[in-house]
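Have a look at the structure below before the remarks.
The values are calculated or read from the model by the stated rules, or taken from the named source; none is laboratory data. Here the structure is a predicted model, which means the values were calculated and not measured. Cβ placement follows ideal geometry from the backbone for every residue including glycine, while neighbour counts extend to all protein chains displayed. Quick note on the areas: whole protein, heavy atoms, side chains included, nothing else; ligands and nucleic acids left out. Shrake-Rupley method; radii C 1.70, N 1.55, O 1.52, S 1.80 Å.
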Amino acid sequence: MATKLYFQRSGLQTTIQDMGRLGYQNKGIPVGGTMDKSSAQAANWLVGNNSNSPLLEVTILGPKIEIEGPCQIAITGADLSPTIDGQVIRMYQTINIQKKATLAFGRLKNGCRAYLAVGGQWQIQPWLGSYSTATNNGKMLTPHSFIREKSQLSILPNIPISVRNIPIEKQPKFNSSQRIRVSKGPEFNLFSAYSIGHFFSHAHPISPQSNRMGYRLDSKLIDFEPKQELISSGVIPGTIQISNSGQPIVLMKDAQTTGGYYRLGNVFSEDLDRLAQLKPGDSIWFSLE
Amino acid sequence: MNIRSYGDTALLLNFEQKISPNINAKVVAWNQAIQKANISSVVYTIPAYCSLTVVFDPVQTNHQQLAEHIKSLELPKNSAITAKTHQVPVCYEQPYALDIQEVAQQTGLDHKEIIQIHTQDTFQVYMLGFLPGFAYMGKLPKELYCRRKLTPRPKVPACAVGLAGQQTGIYPSVAPGGWQIIGQTPIPIFNPNKEQPFLFSVGDRVQFQAISQQEFEQLSIVYQNGY
């Protein structure tokens, strides 16, 4: 029997994601997929799914979900004070749902994105091989993947696994200030030493105009005047581009695939997960490796 | 060609930094060579005007190893490059030719001359980017060069054909944009419902053909369900 998820509240931005739409970037399709890949993979492991299975990415303000039918769930990533029928539940652990229950989220204690995995086959439509949200002309190409109030999901549960957990020392820590490692970008040498020195010795607060496409930083490169117009070239998640006005933008999973701004650096792929757990107002310290 | 590392999971192949069909042809050739070699560590590529981004799986390879592998590949002969030529009908009449007056002012050409020049050459698809399936093409004959609009249009219609500098392009979907719109094609160049949603690939050739408003409407019905 299928498990049903009925969304009484959608939360701020609740989407279905997997590992993304890889291979179509030559056509201008964003990579997409989970922002914090390792937390997402951990959640899927805890319910016995494979690591590319779709799951819910919950952002800052969580949804309220009525779960019908037996299933196994797990929550990882940001701590949004999850509860079941009002009882606080543990994160980073398999949770058995036996009967109808209400999963809710409360105060955000740390991080920015939580991942909710449900063990089984999700009855949803992929587009170009991925369940991650994709839009065209304002219409969803993956109609199930953007959660709204009253959205419903149907999942054919796996045969239950014995309860798994990830010990606290192996769980990531999300601070509101992070050191993020960076390698030199293609246009690194076009910046002055003064610009670079300043960039790597100051905190960069994350602007409220940040989303899954990119993190805009509330900082400005000093001594920066783009001398030549660049010819558009490929950009990838983690590329730090500097707009003509000097504002740094770190490209994230839903970024476009080409751009014409100066690329100062690239965030280490391993650090992208921690970066994805920063929210507007938090700060980044970049270090050049 | 210069190969450099681009973050810890990609290589950037840079060619002479110029917008030119010949340089772009090299990008296409290297991209095809990499695709054809079916290198298991290559996750995806982004061919652009004069660069090629190659993203790899760091568990399987590293910058140096992949760069050596790429350098050892044999480039496809020009004749073997699998580029299609597309005949793309465009209605250059109102209500589709939103900026034809501005283009006429900037170029000193009249409406007829603009159409004649835009349909005389075959253009090359340099890059798909900005939006899923947005095709950047060139090179335009010099007479047709014009600047982008000072204030971008908040909603350019899907399938609008535009000009910007030495390039021409087609909007795959409704989007904000600053290109000078001179017409519209009835062919959906991006159709998400198809298994192959994209009409164009990088390196393809495009020849525009002028059609009347009546022909546009007839073709729109034909193409309603995809190309």
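DSSP loop trypsin sites (Lys or Arg not before Pro) in the stretch B:1-80 with at most 12 other Cβ atoms within 10 Å of their Cβ, which ones? Don't skip to the answer; put the middle values down first.
On the way: sites: B:4, B:18, B:26, B:36, B:71, B:77; in loops: B:18, B:77.
Passing sites in the stretch B:1-80 are B:18, B:77.
Once you have a ≥ b ≥ c as the square roots of the Cα gyration tensor eigenvalues for the stretch B:85-225, tell me rounded if a/c is under 1.5, and otherwise prolate or oblate according to whether a/b is larger than b/c.
Details: a/c = 1.41, a/b = 1.30, b/c = 1.09.
Rounded, because the longest to shortest axis ratio a/c is under 1.5.
Give the average, rounded to an integer, of partner chain Cβ atoms located within 10 angstrom of each Cβ in B:197-207.
Working: counts 7, 5, 0, 1, 2, 3, 0, 0, 0, 0, 0.
Mean shielding by partner chains, rounded to a whole number: 2.
For a protection proxy built on the mean count of beta-carbon atoms within 10 angstrom, sort A:124-135, B:107-118, A:32-43 highest first, please. Let's see the in-between values first.
On the way: A:124-135: 19.5, B:107-118: 15.5, A:32-43: 25.2.
Highest mean packing first, the order is A:32-43, A:124-135, B:107-118.
In whole Hz, with x marking every Gly and Pro, tabulate ³J(HN,Hα) for the stretch B:55-62 from phi via Karplus 6.51 cos²θ - 1.76 cosθ + 1.60, θ = phi - 60°.
Result, rounded to whole Hz: 9, 10, 8, x, 6, 9, 8, 9.
Can you work out ³J(HN,Hα) from phi for every residue in the stretch A:183-193, in order, using Karplus 6.51 cos²θ - 1.76 cosθ + 1.60 and θ = phi - 60°, giving whole Hz and x for Gly and Pro?
Each residue's phi maps through the Karplus curve to give 9, 5, x, x, 9, 3, 6, 7, 8, 6, 4 Hz.
Once a ≥ b ≥ c are taken as the square roots of the eigenvalues of the Cα gyration tensor of the protein assembly as shown, is the result rounded (a/c under 1.5), prolate (a/b larger than b/c) or oblate (a/b not larger than b/c)? Could the numbers behind the result be given before it?
Values: a/c = 1.90, a/b = 1.50, b/c = 1.27.
Taking the square roots of the gyration eigenvalues as a ≥ b ≥ c, the protein assembly as shown is prolate.
Which whole-angstrom value gives the distance between the alpha carbon centres of the stretch B:17-49 and the stretch A:40-117?
42
In the Gaussian network model of chain A, springs joining C-alpha atoms below 10 Å, which of A:147, A:231, A:159 carries the largest mean-square fluctuation?
Result for chain A, Cα springs under 10 Å: A:231 fluctuates most.
What residue among A:79, A:254, A:223 shows peak mean-square fluctuation when chain A is described by a Gaussian network model with Cα springs under 10 Å?
Taking springs between Cα atoms under 10 Å, the residue moving most is A:223.
Counting helices only, and only those DSSP H runs with n ≥ 4, report the 222 nm mean residue ellipticity of chain B as the sum of -39,500 (n - 2.57) divided by its residues, in deg cm²/dmol to the nearest 500.
Value at 222 nm, helices only, nearest 500: -7000 deg cm²/dmol.
Apply the Karplus parameterisation 6.51 cos²θ - 1.76 cosθ + 1.60, with θ equal to phi minus 60°, to every residue of the stretch A:267-274 and state each ³J(HN,Hα) to the nearest whole Hz, in sequence, with x for glycine and proline.
Each residue's phi maps through the Karplus curve to give 5, 4, 4, 4, 8, 4, 5, 5 Hz.
Averaged per residue, what accessible area in Å² does chain B show with a 1.4 Å probe, protein chains only?
Solvent-accessible surface per residue comes out at 46 Å².
Can you give the accessible area buried between chains B and A, summed over both chains, with a 1.4 Å probe, in Å² to the nearest 100?
Working: alone 11800 and 13820 Å², together 22900 Å².
When B and A are taken together, about 2700 Å² of accessible area is lost.
Is it possible to state the helix-based mean residue ellipticity at 222 nm for chain A, with each DSSP H run of 4+ residues giving -39500 (n - 2.57), the sum divided by total residues, to the nearest 500 deg cm²/dmol? What is it? Present the calculation step by step, with values, prior to reporting the outcome.
Numbers: 3 runs with 22 residues, N = 289.
It lands at -2000 deg cm²/dmol.
Pick from A:163, A:182, A:31: which residue has the top mean-square fluctuation in a GNM of chain A where Cα pairs under 10 Å get a spring?
Of A:163, A:182, A:31, the Gaussian network model singles out A:163 as fluctuating most.
Could you list log10 I(q)/I(0) for the stretch B:2-80 at q = 0.12, 0.14, 0.24, 0.27 Å⁻¹, which the Debye formula gives when each Cα is one point scatterer?
Debye output, listed in q order: -0.30, -0.41, -1.16, -1.40.
Given that compact globular proteins tend to follow 2.2 N^0.38 Å, what is the ratio of the alpha-carbon Rg of the stretch A:129-183 to that value? Could you put the intermediate results ahead of the total?
Numbers: Rg = 18.5 Å, N = 55, 2.2 N^0.38 = 10.1 Å.
That ratio works out to 1.83.
Which residues of the stretch B:96-135 end up with at least 40 Å² less accessible area in the presence of all protein chains than when their chain stands alone, using a 1.4 Å probe?
B:128, B:130, B:132
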